[in-house]
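To keep things clear, I will list the structure first and then write my remarks on it.
The values are calculated or read from the model by the stated rules, or taken from the named source; none is laboratory data. Just so it is clear, the model here is predicted, and its values are computed rather than measured. All Cβ positions, glycine included, derive from the backbone under ideal geometry; neighbour counts span all protein chains shown. For the accessible areas, the whole protein counts, side chains as well, though only heavy atoms, and no ligand, DNA or RNA atoms are used. Shrake-Rupley method; radii C 1.70, N 1.55, O 1.52, S 1.80 Å.
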Amino acid sequence: MWEVGTTVWRNRSARTPEISRWEHLESPGGGVQGPALPSESTVHFVLDLALRIGEVQMSSGAGASDVTATIIAVTNAYGLPHCEVDVIFTSITVACHRGVDLPPVTSLRVVRSRSLDYTRLALVERLVRDITLGRITAREAHAELDRLTSAPHPYPRWLATAAYAGMAAAVTVLIGGDAVVAVFAAAITAVIDRIGRLLNKRALPFFFQQIVGGALATGCALAIVASNVLPDSVRPTLMVASAITVLLSGLSLVSTVQDAITGYNVTAAGRTVEVSLMTAGLIAGVVIALNIAVKMGLPSVPLADPLPPSLPRLPLQALAGGAAAACFALASYATPRAVVVAGAAGAAGAAGYGLLGFFDIGSIASSAVAATVIGFSGGVLSRRLRIPPLVIAVAGMVPLLPGLTVYRALFELAVERTYTGMSTLMVATSIALALAAGVVLGEYLAQPVRYGLGRLERRLSGPRMAGPLRPTKRRLE
């Protein structure tokens, strides 16, 4: 029972599959007159709770369909009538229709900040699960959400920097580097992360932060080559490639493809512009550093071809892929359980990609198949382990991002001055899209394994990366 103002309502369906509705207990004529609509203050209170939950999901990279389904589940659980949700990347709008006699109640919330904190996302999903199961009242849920959103990150910031450095080292080993190159790549990535942290405190737009990151990654590698610290057998290209992979890992590729597939075209367009702008900043930073090196007569970082498929090296690739995925999950403040599962998904994806190399089907197709395996395994395991599938999907595909292909394209454009760089850049873009689409497809294929498609899934067609475990049944009045 929940008291708002002077009106008392009871949720009759907290533990039943029937429609949620509020029954007025004190009718003016005495006795119960049947179901009644909630008051306007009640509607505003529940809508604010649902919108704030959706904001946490949106800022964590969840897709628009996941946010929509979560908000509908929360409003259904607290007995609101028919609600319509509109998500347009930077804002969320919910309209609660209360019949033809009363005007609808509309509420809007702007998503102002975006940060990866997968522990917060997991705790909010646990809160949503308690709401949909009728375990918590609206006021208790509101207080719990306040506590979750105001809590600090579960790990110190230096640990996130160390995790990014470890991710760069693991990616270096994955694409063919040795221990010496891995150490230098980790040091370069740690410097980039700390400088990016300082720039972020000064509210520098992320586009310029990407430029600085790309320029630092290439400039540091050029300085190491010019100093002749590394032996001739070392491939310094891999240092730049691993740093580029780390910088690409923060982009919302999976959510962009998910929104486009599920029909949220406005949100998909907004995410596409953001991803394209951040990638353009990274490209600009690398090209600026390469051009400066050419003008100064410094030795350029030579290109390095990917290693051919090797069966003895396959266990090392799987281990490096798992370490890279686990480090990314740790840097994104995931729970310890999610870090372990993300590492397993990354290892499976890297091993699958390595095995597909023996069949000579191309990097794009291999990336798509490996990402599908990641999405499927993550979709099946994550729900059983109470982990948002989004965490496993994003972390698992990170080791396969085309950092080496991106650097090859930029080197061909900026140093060799050949038009083949454009086709190479298109290949890198295709690999990134294949990874994101494969993860989304794998999550879609995992749905029938987890549970049968419910009414909400049929209405909001497409894979689910976040939100309530099962759809909340509802009937339009």
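Stretched out fully, how many nm does the piece from K295 to S423 gain, at 0.36 nm a residue minus the Cα gap?
On the way: separation 128, 0.36 × 128 = 46.08 nm, distance 2.54 nm.
Extra length from K295 to S423 when fully extended: 43.5 nm.
Distance between the C-alpha centres of the range 193-212 and the range 126-160: 29 Å, rounded to the whole angstrom.
For the range 254-365, the convex hull drawn through the C-alpha positions has a volume of 169 cubic angstrom per residue. Between T335 and T119, the built amide H atoms are under 5 Å apart, and every one of these is 5 or more places off in sequence or on another chain.
Each of C96, C220 has its accessible area taken with a 1.4 Å probe; listed largest first, they run C220, C96.
Stretched out straight at 0.36 nm per residue, the stretch from R194 to V100 would grow longer than its current Cα-Cα span by 28.2 nm. The heavy atoms of I261 offer some 100 square angstrom of accessible surface to a 1.4 angstrom probe.
Surface analysis of the range 221-283 yields an accessible area of 36 Å² per residue, using protein heavy atoms and a 1.4 Å probe. Per-residue 3J(HN,Hα) values for the range 52-62, derived from phi via the Karplus relation 6.51 cos²θ - 1.76 cosθ + 1.60 with θ = phi - 60°, read 5, 5, x, 5, 4, 5, 5, 5, 8, x, 5 Hz in sequence order (x marks Gly and Pro). Along the range 131-146 the Karplus relation, 6.51 cos²θ - 1.76 cosθ + 1.60 evaluated at θ = phi - 60°, assigns HN-Hα couplings of 5, 5, 8, x, 8, 9, 7, 5, 5, 5, 5, 5, 5, 5, 5, 4 Hz to successive residues, with x for each Gly and Pro.
Restricting things to alpha carbons, find the Rg to Rh ratio for the range 380-439 using the Kirkwood radius for Rh. Each step should come with its number before you reach the end.
Details: Rg = 15.9 Å, Rh = 13.0 Å.
Radius of gyration relative to Kirkwood radius: 1.22.
Between D305 and D48, the distance separating the two model label sites (each 7 Å from Cα on the Cα→Cβ line) works out to 6.4 nm. Here the Kirkwood formula puts the hydrodynamic radius of the range 94-149 at 13.7 Å, using every distinct Cα pair.
With θ taken as phi - 60° and the Karplus curve 6.51 cos²θ - 1.76 cosθ + 1.60 applied, the whole-hertz 3J(HN,Hα) list for the range 266-278 is 5, 5, 4, 5, x, 5, 4, 4, 5, 5, 5, 5, 5 Hz, x standing for glycine and proline.
In what order, largest first, do K201, K295 sit by accessible area if the probe radius is 1.4 Å?
These residues rank, largest area first, as K295, K201.
Close amide H pairs (under 5 Å, H built 1.01 Å from N) link T106 with C96, residues at least 5 positions away or on another chain.
Go ahead and run the numbers for FRET between L316 and R202, Cβ-Cβ distance against an R0 of 35 Å, rounding to 0.05.
According to the calculation, E is roughly 0.30.
Calculate I(q)/I(0) for the range 337-395 by the Debye formula, one identical point scatterer on each C-alpha and no solvent, and give its log10 at q = 0.12, 0.18 Å⁻¹ to two decimals. So the normalised log intensities are -0.27, -0.56.
Output the Kirkwood hydrodynamic radius of the range 122-267, Cα pairs only, in Å rounded to one decimal. Let's see the in-between values first.
On the way: mean 1/r = 0.0550 Å⁻¹.
Evaluated on the range 122-267, it is 18.2 Å.
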